[in-house]
Amino acid sequence: MRYPQSAPSSTRVLRGTLAVATAIALVAAATFAGPAAGGVGVAGGAEFLRVVPNPVADEDRGEAVTLSVPPGTDLGRFALDDGEDRLALPNRTVGGRVTLTAAPRAVANRTANGTSDPGTVVAVDLPALANGGEELRLLVDDVTVDSVTYRDAPEGEAYRPGTGAFHPIGATRFPVRTTGGGPATAFVLPDSPGPPVATLRAADDRLLLAGYTLTSERVVDTLVAAARRGVRVRVLVDGGPVGGISRAEARALDRLRAAGVEVRLVGGPRARYDFHHPKYAVADDRAVVLTENWKPAGTGGNGSRGWGVVTRDAETAAVLAETFRSDFGARGARPWPEVRPRDGSFEPSSPANASYPTRFRARSVSVDSVEVLVAPDNAERAVVRRLDAAEESIRVLQATAGSPDQPFVRALVRAARRGVRVRVLLNGAWYAREENRAVVRVLDERAAREGLDLEAELAEPRGRYGKVHAKGVVIDGETVVVGSMNWNNHSARENREVVLALESEGAARYFGRVFRADWRGGAWRLPVGLLVALVAGSGGALWLASRFEFERRSELGSDDENERVGW
């Protein structure tokens, strides 16, 4: 580690002089401001939290400024200045969050179903906030105690000085939530399509399904059956998927609606995220989180390589249910009848109907703990943190990797430079081939140049699945990261995504075994020289056959929990 050199003595003297002058100025400012009620300095701690210049409403009704002030603050000592008008705030004792607006009802309505707490809403004749940009100053006795400047306000977004960026109004700010472990089921697709539907069928009280799209007749049948036996069923999907809503999805949503299932679609100008892209369901105190969509090519087992896990932990289910309720109740989530095109114009669809062998059956595993990650709130930082903490190995199976400069990819390079063994397997399907090939090329060139234990390849399905759609990581043989988040900035920062990080050697062993088979393309490889020697021997053919059968059984799942997973 490099440490900064000591500063010259003259520099240290200057710094000391500046520090003393700064302290004197701060004391003078506090004395000038005077004490607030309760003995707290009026200016101390008062700051801008967010500004909403361009709400989705006629004539920008609902513009608002949110402050944070100490408890017991006399709001009447403050004024708000935009360079043209100065607004004296009303005499009122407040503390914590305070939202200033000319339309309190509009503010209350837009925050009712989100987690952006407006705090105390104070009705004022707020100066019009310019959509093109504004500088606001918070004053006490003509002294500026805080200021905020924004430019080009997007519709339906709030500016947060803390991040220096605009964020959708009502966007959640969930922290990483850690829950208990317990028994779980790890599975991969297309090999084991049973666990997701089995989880839905077991619901007795509640069934919350979140997805990007929903076209699987088998899943719809299960949801309808649950509703008919009295289960409270809710479905939330994206209202504007790439390519549009298909006829198959329209039929599915119509069936659910006719069965009394409340179906909502996320989209429109009030949507908090670009796409509602998670793939999970909560069934009573169980939950299933996976990388695949609720369609034949995904959960139906007719196409994609995907990863998933069913957790039987009530705490994890409760956290996912909280996420669902927040998204289901948001203003951008609209009932299906309201958004269904009246002319019935939907995109044609041709559901996948391919079949693939079952090489990896679902496996019961024990989980020590779970972290529930959601994007854009916390998932990117949490995944990068885990990659940066890796000590021995990282295995990545991903549909896309964005670019070599993507934060996840950079974290892989940092890990390899620490001596961690890194393997990256990306989707080789036609629509992602060139982008992923560019990432593979850069990583391989960097590994060769720096002598890193880092390899990247495009996946070769070889009849075992159609394409890679998984978004999974195995770290140090102890941790599995699985969920809907693709490795690109848009997915991590603009979409709603849900990811689980499981501390589980059993799950890591299972997915590591699947990764090993996918890495080598499903082929059992034997050095040529050894193959010649074996065939030349009288027992070579029998040995080869028995070895192949052993390999096949180990892929299907060994009962030896102590088996080490190789590459």
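For region 364-450, applying the loop criterion from DSSP together with a ceiling of 16 other beta carbons within 10 Å to the GluC sites (Glu not before Pro) yields Glu391, Glu392. The alpha carbons of region 162-216 give a radius of gyration and a Dmax of 17.3, 46 Å, in that order. Could you give me the percent of Cα pairs per 5 Å distance bin for region 336-391, shortest bin first, beginning at zero and ending with the bin that holds the maximum distance? Values per bin, smallest distances first: 4, 10, 8, 9, 9, 12, 17, 15, 10, 5, 1, 0.
If only the Cβ of Lys and Arg carry +1 and only the Cβ of Asp and Glu carry -1, the dipole of region 59-201 around its Cα centre is close to 920 debye.
Protein heavy-atom accessible surface, 1.4 Å probe, per residue over region 170-287: 36 Å². May I ask you to give the solvent-accessible area per residue for region 366-472, in square angstrom, as obtained with a 1.4 angstrom probe? On a per-residue basis, region 366-472 sits at 41 Å².
Note on region 131-233: Cα-Cα pairs beyond 22 Å make up 62% of the total pair count. Across region 308-458, Cα-Cα pairs more than 28 Å apart make up 46 percent of the total. In the P(r) worked out for region 153-294, what percent of Cα pairs fall beyond 23 Å? Taking all Cα-Cα pairs of region 153-294, the fraction more than 23 Å apart is 43 percent.
Based on the Kirkwood radius over alpha-carbon pairs, what value in µm²/s does the Stokes-Einstein equation return for the translational diffusion coefficient of region 249-288 at 4 °C and 1.567 mPa s? For the chosen part, D equals 104 µm²/s. Across region 261-390 the C-alpha pair distances fall into 10 Å bins from zero in the proportions 10, 30, 37, 20, 4, 0 percent. Given just the C-alpha atoms of region 281-332, how large is their convex hull per residue in cubic angstrom? It comes to 83 Å³ per residue, whole-number rounded.
In plain terms, if you count all Cα to Cα distances in region 50-109 and split them into 10 Å steps from zero, the share in each step is 21, 49, 28, 2 percent. Centre-to-centre, using Cα atoms only, region 285-307 and region 319-387 are separated by 9 Å. Measuring only protein heavy atoms, the 1.4 Å probe finds Leu129 accessible over about 10 Å².
One compactness figure for region 390-480 is 1.03, namely its Cα radius of gyration divided by 2.2 N^0.38 Å.
The values are calculated or read from the model by the stated rules, or taken from the named source; none is laboratory data. Predicted model, so just to flag it, every value in this text is computed and none were measured. Reconstructed Cβ throughout: ideal geometry from the backbone, glycine too, with neighbour counts over all protein chains shown. These area figures cover heavy atoms from the full protein model, side chains too; ligands, DNA and RNA do not enter into them. Shrake-Rupley method; radii C 1.70, N 1.55, O 1.52, S 1.80 Å.
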